[in-house]
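What follows is one structure encoded as structure tokens, with my remarks underneath.
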Amino acid sequence: MSRRQFVRILGGIGAGAAGMFFADCAGLYGSDGEVRTAGAAPAAAGGAVPARTAGARKPNFVIIFFDDMGYGDLGCYGSKVNRTPAIDRMCREGTKFTSFYVTSGVWSPSRSSLMTGCYPLRVGIHESSRGCFVLVPGDKRGLNPKEITVARLLKDQGYATACIGKWHLGDQPVFFPTRFGFDYYYGIPFSNDMGGEADKPRNNLPPLPLMRNETVIDAPVDQRTVEKKYTAEAVKFIEANKDKPFFLYLPHMHVHLPYRPGPEFAGKSGNNEYGDMVEELDWSTGEILKTIKRLRLDDSTLVILTSDNGAIRRGSNAPLSGGKATTMEGGMREPCVMRWPGKVPAGAVCDEVCSTIDLLPTLARLAGTHEPTDRIIDGKDIKDLIFGVPAAKSPHTEGFFYYFMSQLQAVRLGKWKLRLPLTPEIAGWTGQPKENTEARLYDLEADIGEKNNVASEHPDVVAKLTALVEKARNDIGDYKHKGAGAREPGYVEHPVFIEKEK
Ligand SMILES: [Ca+2]
């Protein structure tokens, strides 16, 4: 997000409200605050999932989650300008997914799905408490503490769990990762453009905080040092937990604005600061994989690498159209590589539709449990796709849905993508048409760039996908229509900024 865009978001908050946040900025780690949830409260985790199972060692899981990395930014996805030898090797040793989706073209909503296995609108993280499309520092809204995250499920199965990096599902204490099943947290809790830097203070925001568990340990953190710190923390966590199952969630700071490559990488890539950051991420990934190999954990560790949304500016989403903050393929279809030697086929490509919402049910089952049964989980078990079972098909037989904020804008089923007629269409800032008065049907197998509308040639397909949209509209919701199955986010009445204790 650019400064201008961020100022626009803060403008949405209102100067008075921002001032109020500052006025409230005392006693940061005192009370947990009040959490308010409306509607029927879901049951607690107990009873919704089975007790811990005994027996053979459970697999380790590592999720490497880039920020704003585009579909065309990695060598193994066709980049000719970024050097990514470690990730390319991971790709050769594992499976490359070419129709892997996040559920939103922007930060917080996308992350809510990875954690909960649900569409953002299902769990109320499709927008901030003031209608911004992403949570902002001091936001009243955060992930509802009653949601059961993949970390919580795995922790209940005996896993050591850590989140190292960008959380961005709420910055009030009740929303911290340590309250959602993570034993350990280390990182910047939101975007790296949401706080002042030493030489670039922000009038309306505190210095950018780096946290360990629930305490700010550095502010403003020198962003050029962050990826090196994240990588060291990740390696340390793997080493400390090599003898028991672990879940490492590593949501990186790169390649989000502002561009702050580490000193070892700055100016080295030949593709400006963006390429420098991609190379730093490749180095980091190589360090993680080397650690897993050195500790002889290759045959017990599934590593998943993907990105939270499409690229903007210097990044590439090629050959897709659109980018970050859109529901075009470039905003939501991401590079995704999975590696587990001996289990996940090496050098394979999977083009079946799957998503970050599928990781919770899939990892839960691989760990000997299953997703919660007392609430709707949108994700599906994709073990067969991951393990390369012959003729395995996408489990999303009722469609995969593309939302921007609260608005349902498109649906994909098999090779077909239907873009809905919407007046008005809530628009992102890159490549998104603001007027869309006709249904547009794309054959993504023949037309991955969404150039040729074939709706008039396939009225039966349009009708079929439109029916799926109606189901989602009634269940999850759409724009001003609240879905019957939508749950409430968490709220804190009197949020404060998180700052370093004096
Ligand atoms: Ca992002």
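Just a few scattered comments:
- Relative protection proxy for 126-132, 191-197, from highest mean packing down: 191-197, 126-132 (other beta-carbon atoms within 10 angstrom).
- Modelled this way, with points 7 Å down the Cα-to-C-beta line, the labels at Glu501 and Val454 are 6.3 nm from one another.
- The lysines within cross-link reach of Lys228, meaning a Cα-to-Cα straight distance under 23 Å and a gap of 8 or more places when in the same chain, are Lys166, Lys200, Lys236, Lys242, Lys268, Lys290, Lys293, Lys500.
- Surface analysis of the chain yields an accessible area of 36 Å² per residue, using protein heavy atoms and a 1.4 Å probe.
- Under-5 Å amide H pairs with Asp218, H placed in peptide plane, nonlocal only: Leu210
- Between amide H atoms placed 1.01 Å from N, distances below 5 Å from Asn436 occur with Leu422, Glu425, all of them 5 or more places distant or on a separate chain.
- Environment charge of Pro421, counting only residues whose C-beta is closer than 11 Å and scoring Lys/Arg +1, Asp/Glu -1: -1
- Net length available on complete extension from Val81 to Ala446 is 128.8 nm, with 0.36 nm assigned per residue and the Cα-Cα distance removed.
- Inter-probe distance in nm under a simple model that places probes 7 Å from Cα toward Cβ, at Arg130 and Ala240: 3.7
- Sparse-neighbour loop sites [trypsin sites (Lys or Arg not before Pro); the range 333-394; at most 16 other C-beta within 10 Å; DSSP]: Lys393
- Stretching Asn213 away from Ala56 to a fully extended chain increases their span by 53.5 nm, per 0.36 nm per residue minus the current alpha-carbon distance.
- Think of each Lys and Arg Cβ as +1 and each Asp and Glu Cβ as -1; about the Cα centre, that makes the dipole of the range 84-187 roughly 100 debye.
- Accessible carbon and sulfur surface of the chain relative to its total accessible area, %, 1.4 Å: 52
- In a fully extended conformation the segment linking Glu438 and Thr466 would gain 8.8 nm over its present Cα-Cα distance, using 0.36 nm per residue.
- The magnitude of the dipole of the range 229-288, with charges of +1 and -1 set on the Cβ of Lys/Arg and Asp/Glu and taken from the Cα centre, is near 220 debye.
- Each Lys and Arg contributes +1 and each Asp and Glu -1, all at the Cβ; summed about the Cα centre of the chain, the dipole is approximately 440 debye.
- Selection from Ala392, Thr231, Gly262 lying farthest towards where the dipole of the chain points positive, charges on Cβ: Thr231
- Lysines with Cα under 16 Å of Lys393, excluding same-chain neighbours fewer than 8 positions away: Lys96, Lys380, Lys383, Lys415
- Remark on the chain: hydrodynamic radius 22.7 angstrom, per the Kirkwood mean of 1/r across alpha carbon pairs.
- Near Cys350, the amide H atoms lying under 5 Å from its own belong to Lys96, Phe97, Thr98; only residues 5 or more places off or on other chains count, and H is placed 1.01 Å from N.
- Tensor-based shape of the range 286-361 (alpha-carbon gyration tensor, a/c under 1.5 rounded, otherwise prolate or oblate): prolate
- Where Rh is the Kirkwood radius over Cα pairs, Rg/Rh for the range 69-111: 1.03
- Residues Ala392 and Lys480, FRET efficiency given R0 of 41 Å [Cβ-Cβ distance, rounded to 0.05]: 0.60
- Rg of the Cα atoms in the range 99-215, relative to 2.2 N^0.38 Å, amounts to 1.06.
- Each residue of the range 242-253 was assigned a 3J(HN,Hα) from its phi angle through the Karplus curve 6.51 cos²θ - 1.76 cosθ + 1.60 (θ = phi - 60°); the sequence is 5, 9, 9, x, 9, 10, 10, 10, 10, x, 5, 7 Hz, with glycine and proline shown as x.
- DSSP-defined beta bridges in the chain - what % are antiparallel, rounded to 5: 55
- Applied to the range 363-375, the Karplus parametrisation 6.51 cos²θ - 1.76 cosθ + 1.60 on θ = phi - 60° returns per-residue 3J(HN,Hα) values of 5, 4, 5, 5, 8, x, 10, 8, 5, x, 10, 9, 7 Hz, with x for Gly and Pro.
- Straight-line cross-link partners of Lys324 among the aspartates and glutamates, defined as a Cα under 15 Å from its Cα and at least 8 positions apart when in the same chain: Asp67, Asp68, Asp73, Asp308, Glu334.
- In this simple spin-label model, placing a label point 7 Å from the Cα along the Cα-to-Cβ direction at both Glu493 and Arg224 gives a separation of 4.6 nm.
- Debye log10 I(q)/I(0) at q = 0.19 Å⁻¹ for the range 147-305, Cα point scatterers: -1.23
- Residue-averaged [θ]222 nm for the chain, counting only DSSP H segments that reach four residues, each worth -39500 (n - 2.57): -7000 deg cm²/dmol
The values are calculated or read from the model by the stated rules, or taken from the named source; none is laboratory data. Remember, it's a predicted structure, so these values are computed and weren't measured experimentally. We place every Cβ from the backbone using ideal geometry, glycine too, and count neighbours over all the protein chains shown. Remember, those area values only see protein heavy atoms, side chains included, never the ligands or the DNA or RNA. Shrake-Rupley method; radii C 1.70, N 1.55, O 1.52, S 1.80 Å.
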